[in-house]
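Taking it in order: structure first as structure tokens, then the write-up.
None of the figures in this text is laboratory data; all of them are computed from the coordinates on show. Note that the coordinates shown come from a computational prediction; the quantities given were computed from them, not determined experimentally. Here the Cβ positions follow ideal geometry from the backbone for every residue, glycine too, while neighbour counts run over all protein chains shown.
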Amino acid sequence: MDTIKEYIDQHKDRFINELIDLLKIPSVSADSAFSQDVLDTAQAVKNALDKAGCDHTEICETPGYPVVYGEKIIDPELPTVLVYGHYDVQPADPYDLWNSPPFEPVIKKTEAHPEGAIYARGACDDKGQMYMHVKALEYMTQTGNLPCNVKFMIEGEEEVGSENLAWFVERNQEKLKNDVILISDTGMIAKDVPSITTGLRGLSYVEVEVTGPNRDLHSGLYGGAVANPINVLTKMIASLHDENNHITVPGFYDKVEELSGEERAQMAKAPFSLENYKKALDINDIYGEAGYTTNERNSIRPTLDVNGIWGGYTGEGAKTVIPSKAYAKISMRLVPNQDWEEITRLFKSHFESIAPDGVTVEVKPHHGGQGYVTPIDNDAYQAASKAYETTFGKTPIPQRSGGSIPIVSLFEKELKSKTILMGFGLDSDAIHSPNEHFGVWNYLKGIETIPWFYHFFAQKEN
Ligand code: BES
Ligand code: MN
Ligand code: MN
């Protein structure tokens, strides 16, 4: 195992170039214009798994985009690690905000990444992080250092809700049988502050539509005499938070897990600079729910946010019009014990109930999923912790994340196994934003750390 550093040194240029090739394929799952590219990416991932030493790989069809499966079983008696990742990416628009085209990867040096970072959509989320596992497998098979069995399940619909992965998991319980699930699709606190993600938030995503008059109207002839759906919608949205920024949907907080003072004190120990946080975002102050710190607001507390709002005239110049309709997309990030389907129902009935006379309101649920917390007093977490100790020289900090990977709670339910979230991205890597990137240092550090997880995990189980 001590040869991992040398192996990376010898092969790092190829590791980077292979990732760059993968990033050139625009596997945007949300936009059907890219469907052939998504399929091509699945094929590329399969080929990479073949080359890395899997002895069986397969492109598994689903009602949507396929799941790429690969395995190397060295001894059925030994423990099995199931690696999950996704090969699809978020849409890249708005394209004009990218400093270089999103699917023409370039390496550039930045303040956070003096060794250089790869700029491309999916660089960090999740092609780069997923590919660290493929290269870690290559090292372990090439050098005779694979201490246990490994299975890969790489999906193509994570960014659109993983609906067909749930379908696949339900039908392939035996094939996916494992002792632990390993995922790199989250982040870490900083390059010199390693952390392991111990929680993910759940999600309920809805779209709302407010309808007023049966057609767009002259805003002079009708203005003031009929309900304007945009005025109404914005007022309804504004009422969803009170003056303390608590969410006003009745029952919303009923099942929210309250952390003990001790747990909160533990959380507060994670290094955090408010000044740097504000500076990185060019904001003059933070904003959020009264009574909670920034790190609590974005991890252990639920939220409600408008992700997009539209209606009426938005073209050039001025058109005097009262629109017939107004729309918004709203996401609610949830914490453990909040059931996303129940929250969706509570939101729907509340939102419909606050609609004034003169408009009708429709709430359409999109996707969602449950939150997840993983305990740290188990062999798998300890193996991950030791792996970081070995390669970073520091004990990683357990930290809950604000993001969501809804399929993780389903893994626990269907496959009865725990998930370890070893993320190597930084918050500043701009995932889902223009100019997404992934540090070369982070990429190689991930490849170095992962084999140590296998090493310690296999020891523990025997
Ligand atoms: N990898 C992210 C989730 C993430 C990022 C978790 C960073 C923790 C830290 C994932 O690809 C993602 O974007 N998930 C979506 C939810 C999904 C249902 C579209 C999200 O969190 O918005
Ligand atoms: Mn992801
Ligand atoms: Mn994502």
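Neighbour counts of C-beta atoms inside 10 Å place GLU448, GLU341 in the sequence GLU341, GLU448, starting with the fewest. Taken as Cα centroids, segment 227-290 and segment 161-199 sit 27 Å apart, rounded to the nearest whole angstrom. Based on the alpha-carbon gyration tensor of segment 304-384 and its eigenvalue square roots a ≥ b ≥ c, which shape applies: rounded if a/c is under 1.5, prolate if not and a/b is larger than b/c, or oblate? Judged from the Cα gyration tensor, segment 304-384 comes out oblate (a/c at least 1.5, b/c at or above a/b). Once the cut-off is 39 Å, how many percent of the Cα-Cα pairs in the chain end up in the long-distance tail? In whole percent, the share of Cα-Cα pairs in the chain beyond 39 Å is 25. All alpha carbon pair distances within segment 5-68 were sorted into 5 Å bins beginning at 0; the resulting P(r) in whole percents reads 4, 16, 21, 22, 18, 11, 6, 3, 1. Within segment 144-220, the trypsin sites (Lys or Arg not before Pro) that combine a DSSP coil assignment with at most 10 other C-beta atoms in a 10 angstrom radius are ARG215. The GluC sites (Glu not before Pro) found in segment 22-90 that occupy coil by DSSP, while having at most 14 further C-beta atoms within 10 Å, are GLU61, GLU77.
Here the Karplus relation 6.51 cos²θ - 1.76 cosθ + 1.60, evaluated at θ = phi - 60°, turns the backbone of segment 50-61 into coupling constants of 4, 5, 6, x, 5, 9, 8, 9, 7, 9, 9, 6 Hz, with x for every Gly and Pro. Sparsely packed loop sites in segment 32-134 (the trypsin sites (Lys or Arg not before Pro) outside DSSP H, G, I, E and B with at most 13 other Cβ atoms within 10 Å) comprise LYS109. About the centre of its Cα atoms, segment 1-153 shows a dipole size close to 220 debye [charges on the beta carbon of Lys, Arg (+1) and Asp, Glu (-1) only; nearest 20 debye]. The residues SER433, SER353, SER331, when put in order of fewest to most other Cβ atoms within 10 Å, stand as SER353, SER433, SER331.
Ranked for footprinting exposure by Cβ neighbours inside 10 Å, fewest first, GLU115, GLU275 give GLU275, GLU115. With each label modelled as a point 7 angstrom along the Cα→C-beta vector, the LYS109-ALA318 pair spans 5.2 nm.
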